[in-house]
Amino acid sequence: MLKACSSLWKNNVRLLRKTVCREYSSLPASSIAVHGGCCAPSLNTRRLPLFMPVHKVQEDSPQRANKRRRITTSTSPHRDNMVVQTEEIRQPLPKIELTPLEHLIERLLLDVKSYIEQKNEPTGQDAQQEMVLRFTGGWVRDKLLGVDSHDIDVAISTMTGFQFGNFMKEYLDDPENLAKYKGSGNPALNDDEIVKVHKIDANPEKSKHLETVTTRIFGLDIDLVNLRKETYTEESRNPQMEFGTAEEDALRRDATVNAMFYNLNTSALEDLTGLGLKDLKQKLIRTPLEAYQTFKDDPLRILRLIRFASRLGYRIDDDCKQAMQNESIKDALRLKISKERVGAEVEKMLRGPDPKAALTHIDTLSLHSTIFANLRDEAQADTSSWSLVYDSFDKIAHPADDADDLSQKTKHLHDLLIRDEIDAYHAWIVAAFSPWALVPARPIKSKSEKPPVVARAAEVARDNLRSDNKTVCILKESVGYFTELKSLKDSFLAGEISGTESEIRQRVGLTIRSWKKDWRMVAIMALLQEIMAGAEFSNVIDEYDKFLSYIERESLLNVTELRPIVNGTELSAALGAGRGKWLSIALEKMIEWQLLHPEITEKEEASQNDIATVSIPQGLGEMEKTRLAARAYIKKTNNESLDRFEAEVNDEIVTLPALQTELSSPDAQDLSALNEDLLVIWTALREWKFSEPFGADGKEAAQAIYAWLVQISLPSSDFAEALESEYTDDKSKKIKLTTTLKSKRSTFEIAISCIEALNSILPVAEAENAADIFTALASFTNTRDSWTTSKSYHDALAVLQTFSPSENHQRNWDIVEQMSKSKIRPIFAKTRNTAVTGAGRKNLHPMPQPRFDGNIFNPEAKPWKHVDVYATTVLEWVLSLYTSSDIARLENQFQFYVPPILSLLDDESPSFKYRGCHLLISFLKPIQSSNSDLLRRTNLSSVFDDALTPTLLSLPTLTAEDESLQILGITYKALLLTLQTRYHIGQSSSYHQEDNRAAYTSRLTTLLRDNVISAFHHISSYTPTTKTESSMLASFPYPRLSTFILGQLKTVVQHIGIHTTKYLQEIIPVIYNTLTNPFVTAHLPLLAAGVAAAQAVILNSHPRIWRYRGEFLAAFCACWMNISQDEKGTQDIELQTQLRNVMKKLQGATNLLNIAVQSAVSIKEDDLKRIYWTGVVEGDEIDMGKEVEALIAADENLRDLFDRIHEEDLSDDYFD
């Protein structure tokens, strides 16, 4: 079959060739057209279908379902234009003239092609096809426009660029081949330019599945790639690439003028879309295929077409414009294209020859809100007058050479403000973002957000264009200062700046210095904002020319780079003071002096008196002495015991602004330098002598000092490991603090002391950053934290105790809410918990989670555990503020606290589970005491129950006994409180009281059976199988834990009350095995717990206890005998006392048992018959006295046990 098909195809090809020759020979020369750069006859198209398949044209509509589309020749909307019919198009295509270097590259590529064919190693689509090499894209366009091009894209028809590149490298590795291109007839090339061809880099990022090689040949950048066709999906702009034909490769390109080829095999131009030359002549930018689908496939082509149009000075096709304005296309541009790619295209536009044209297209096509988009909230920029900005700035960027006054002033402004191409680019950036300049800054809602950028324009540039830091900084400063510049300009022109000429110069110079080195961009923003507001262009130019001319005349254009005429050493010597942080202030004052005396430019010209006018700020001299003392003390103590530092001080007044100058960076790596600053500030604050209220500058300095102290005092990740060990009772997990951590702890201690001292000057509650300060203080409210010392704890409490939020202090509660909302909640937000919704309620439809959570190894998922280690302690303090009177506030804010509590409860570390239980108890106490039904309304009781119950399995041997006791003790307490709060146990509420009691009892019985009893058997080496089986094997390897479990048994029995009778068969073996064990006296608390549990069971199940009196009597007797024997055999008075106390409790237990049995005997006859019906006694009377006498007769030592069995009023000493 294959041979037959092959034969048929060959016959068809042969017949086609004969037809072509016959047609060609019968036509005049005028009817010959150029197809693809080659001479060919204009054939009778009606005869072609005999030999060639015809494709049906089907165009994709915008509503087409999402599926892969393959770009083929049948999808072009311009298909008719590709049939060469008119006389005009039949004219020969232009001939491209190559430079000598390009000829050399052409020759090399063709030689490599021949080399490959000689090796007979064809690869790719079809081994029978001849390899065709083509120069493609922008190079062809630029050659036709007469523009030099320094990079060339080479398309290969039968193999990938990577394969071709390897063959080329192999070919040139032969010295004889390389020598061909060094002949005298070739351009002068050095060896480096030839050697670079050996560096071939695969670049698969340009093509998703096919290799592309980027290399450098003879000084030019060359890209090698195969001909391609593309398949797109709705989700991505990145196509799936496959081998394609030359026509398919042309149709996939972004613009027709970029879709022409230069065929190296024929040395001819190819315009396979049929539109490239026509659009080049008409100066038209359009897509080879239908515009809507082209942009839908790759929205980045919108920006590329705008860039090409502005670069070439061409107009954009109307169909393309219409598609660009389609809302779905705009959405695709926002969603499918990376911000970096958008930013790169915008940068190329604004660095291009005509940025105004690019901005005009963006404006008229309503693309500003898409390209310069705000991703943070709903705020939008008003672009209604944006055209005034870019039209006006274009006049400044490209001033006319006319002699009129306006043109000259415009050119003068250009020369002052735009010094080079970098300034020009940044100025166009300012123009592009000018609509955002008047939009208010976005308020920061949570700590998890990126660091705030004051200006909206800077934030948009950072978020949506991924602009570099320089661009973001320029936008931030230009938006932040332009109103100040305009105000200064207006005041200067109106003559409203008071003072002498020198003083005016000084003020203007200092103000420009405050705008920093890019102040020219601030001036451009101010100028453009006035134009955008409707001011006449000529008036604005005139005003700014006068203002900037003054700056130029006064030599202030470079005032931001002005340096002091004397250095720090010389200034220190002139003032007779040692070096210190005061020096930076003094040097700045030196700048102020120089601006006032512009005639003095050299230090030799300044007299000693002139320099002496720069005085040391008040108080800085005294602080330098303190600093020297602190430095010596730190060196002596190695950064420890800082609280013992004492320094001699005199009566010199130290101001807060002066103290502010002592602040170094809180991120400084030198701990000694940081401690030095702290000791200086602490000494000054302790000796504070200012009694008068300080002004705005003092308050601002206090705020800055507070902020600095907060950054220093917040514990970091260095304490994470030590923190976890501090909250475990397992001694094997305890670790000692390193010397570094001890030093940091001393630093924290002094920082908190500084906050306490500063609080007496400016109360923390009155500070603007009060939430930050209270967060730092609250971090030191738990002495178990490894960073907290006794001093830092008491100093922090001293300030926090003055902060008591109540209904009368709304400001304080606002601070608490801010701490919870913006400080604590974001830290825990990264730890996902599907049990609750974002509103803190139970999630009724949680997403299924994997069996293994990889986040347990991801520190970023738990910053509260690994980074912001102080968060849990702060949350403990916040929850401790709520009382029952604050329940309304707690019910409004509970969503801040529930997720953090659950994050801790779900953590794999027992230490953090322990802290989570503590937080839960603090959270529940005000809810319970106020009788709130918050847990019922939010379904949180079941969420907490589910989180706590697995912790009850923290038993040996997986968990050490010490750690198990710690975590179980708090977990049982938290669980019981959760249940009591949910079901209003112990409250006066009548809301479904019976239903609540029933549900509460049901949950406790489950706890009793599934956790308490099963845990007791698990931690014993013996698990009983029958009631009569001996208990001598039970050894209690974890006696303290067994004691605790028996205590929980007693507690649960007391809570479920009479319902204990249902579970006596499971409870009694636990008590029996404990009391009858002969070795149990080795740990008397276990024995006492067993007796106490027995008393609780007898009390709460007395109607049925008579049935189990034999087990109780046997247990009591065995226990009494063991204790009696030990009591008589020891000489230890303390041990004897303890044993006798247990014996008293046993006597009380026998007394209770007798009362319970006698109560059962006294039940009225009908009830007694019902009891007999059970078959236990079969009508026999119960005589407890006879049974006791029989036991005493068997062993006289038991007489004392039953000595008080019949007493009706025993003292409390006999009962637990």
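The values are calculated or read from the model by the stated rules, or taken from the named source; none is laboratory data. Predicted model, so just to flag it, every value in this text is computed and none were measured. Please note: Cβ atoms are built from the backbone with ideal geometry, for glycine as well, and neighbour counts cover all protein chains shown.
Is segment 463-481 home to any residue that is among the basic types (Lys, Arg) and either part of a loop (DSSP other than H, G, I, E, B) or touching a strand residue (DSSP E or B) at 6+ places or on another chain (Cβ under 9 Å) (or both)? Scanning segment 463-481, I find at least one residue that is among the basic types (Lys, Arg) and either part of a loop (DSSP other than H, G, I, E, B) or touching a strand residue (DSSP E or B) at 6+ places or on another chain (Cβ under 9 Å) (or both), so the answer is yes.
I'm checking my understanding of the structure. Among residues of segment 472-501 that are among the polar types (S, T, N, Q) and surrounded by fewer than 23 Cβ atoms within 10 Å (Cβ to Cβ), which one is farthest from ARG376 (Cα to Cα)?
The qualifying residue farthest from ARG376 (Cα to Cα) is THR500.
Of the residues making up segment 1067-1084, those that are part of a helix (DSSP H, G or I) and either among the polar types (S, T, N, Q) or outside the structural domain of ILE1056 (by TED's automatic domain parsing) (or both) number 4.
Would you confirm whether or not segment 716-736 contains a residue that is free of Cβ contacts under 8 Å to residues at least 12 places away in the same chain and of a type in the set (Ser, Thr, Tyr)? There is no residue in segment 716-736 that is free of Cβ contacts under 8 Å to residues at least 12 places away in the same chain and of a type in the set (Ser, Thr, Tyr). Counting residues in segment 1184-1203 that are under 19 Å from LEU1152 (Cβ atoms) and either at pLDDT below 80 or not assigned by TED's automatic domain parsing to the domain that holds TRP1106 (or both) gives zero. Cβ-Cβ below 6 Å, separation at least six or inter-chain, first residue in segment 1107-1134 and touching a residue at least 40 places away in the same chain (Cβ under 8 Å) and among the small types (Gly, Ala, Ser), second crowded, with 17+ Cβ neighbours inside 10 Å and part of a helix (DSSP H, G or I): which pairs? Close Cβ pairs (under 6 Å, with a partner that is crowded, with 17+ Cβ neighbours inside 10 Å and part of a helix (DSSP H, G or I)) amount to ALA1115/TYR1072; ALA1115/LEU1075; ALA1115/THR1076; ALA1118/THR1076. Every residue in segment 732-770 that is among the small types (Gly, Ala, Ser) and surrounded by fewer than 17 Cβ atoms within 10 Å (Cβ to Cβ), please. Across segment 732-770, the qualifying residues are SER732, SER760.
Applying the set (1) touching a residue at least 60 places away in the same chain (Cβ under 8 Å); (2) farther than 28 Å from LEU108 by Cα; (3) in contact with a Phe, Trp or Tyr (Cβ under 8 Å, 6 or more places away or on another chain) to ILE285 leaves exactly one unmet item: (1). Across segment 343-359, the number of residues qualifying as surrounded by 16 or more Cβ atoms within 10 Å (Cβ to Cβ), more than 15 Å from ALA457 (Cα to Cα) and out of contact with any helix residue (DSSP H, G or I) (no Cβ under 7 Å at 6 or more places or on another chain) comes to 1. Each residue in segment 508-526 was checked for being without any contact (Cβ under 8 Å) to a residue 60 or more places away in the chain and buried (at least 19 other Cβ atoms within 10 Å of the Cβ), and 6 pass.
One line per residue, one yes/no per condition, for (1) modelled with pLDDT of 95 or more; (2) of a type in the set (Ser, Thr, Tyr):
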{"residue": "SER932", "(1), (2)": "no, yes"}
{"residue": "LEU953", "(1), (2)": "no, no"}
{"residue": "ASP962", "(1), (2)": "no, no"}
{"residue": "THR971", "(1), (2)": "yes, yes"}
{"residue": "ARG982", "(1), (2)": "no, no"}
{"residue": "GLY986", "(1), (2)": "no, no"}
{"residue": "ALA999", "(1), (2)": "no, no"}
{"residue": "SER1020", "(1), (2)": "no, yes"}
{"residue": "MET1032", "(1), (2)": "no, no"}
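Note on segment 581-600: residues that are more than 13 Å from SER502 (Cα to Cα) and among the polar types (S, T, N, Q) amount to 1.
Residues that are farther than 17 Å from LEU879 by Cβ number at least 2 in the following helices (runs of 4 or more DSSP H) confined to segment 892-947: 910-929, 934-938.
Tally up the residues in segment 887-946 that are over 18 Å from TYR983 (Cβ atoms), without any contact (Cβ under 8 Å) to a residue 12 or more places away in the chain and more than 28 Å from the chain's Cα centre (by Cα), please. Total satisfying the criteria: 1.
From the list ILE856, ILE824, the one residue that fits, being in a helix (DSSP H, G or I) and at pLDDT below 80, is ILE856. Every residue in segment 623-648 that is in a loop (DSSP other than H, G, I, E, B) and of a type in the set (D, E, K, R), please. The answer is GLU640, GLU646, GLU648. Taken together, the residues in segment 730-764 that are more than 20 Å from ILE705 (Cβ to Cβ) and over 30 Å from the mean Cα position of the chain (by Cα) amount to 12. Among the residues of segment 423-430, is any among the charged types (D, E, K, R), surrounded by fewer than 21 Cβ atoms within 10 Å (Cβ to Cβ), modelled with pLDDT of 90 or more and closer than 18 Å to ILE541 by Cα? Within segment 423-430 (the criterion being among the charged types (D, E, K, R), surrounded by fewer than 21 Cβ atoms within 10 Å (Cβ to Cβ), modelled with pLDDT of 90 or more and closer than 18 Å to ILE541 by Cα), the answer is no, since none of the residues qualifies. Residues in segment 693-732 that are over 30 Å from GLN660 (Cβ atoms) and assigned to a helix (DSSP H, G or I): ALA720, GLU721, ALA722, LEU723, GLU724, SER725, GLU726, LYS731, SER732. Meeting the requirement of 2 or more residues that are within 27 Å of ASN469 (Cβ to Cβ) and at pLDDT 90 or above, the helices (runs of 4 or more DSSP H) wholly within segment 256-368 are 300-312, 339-351, 355-364.
In segment 1093-1105, the condition of being assigned by TED's automatic domain parsing to the domain that holds LEU1008, in contact (Cβ under 8 Å) with a residue 12 or more places away in the chain, within 19 Å of GLN1138 (Cα to Cα) and among the β-branched types (Val, Ile, Thr) is met by no residue.
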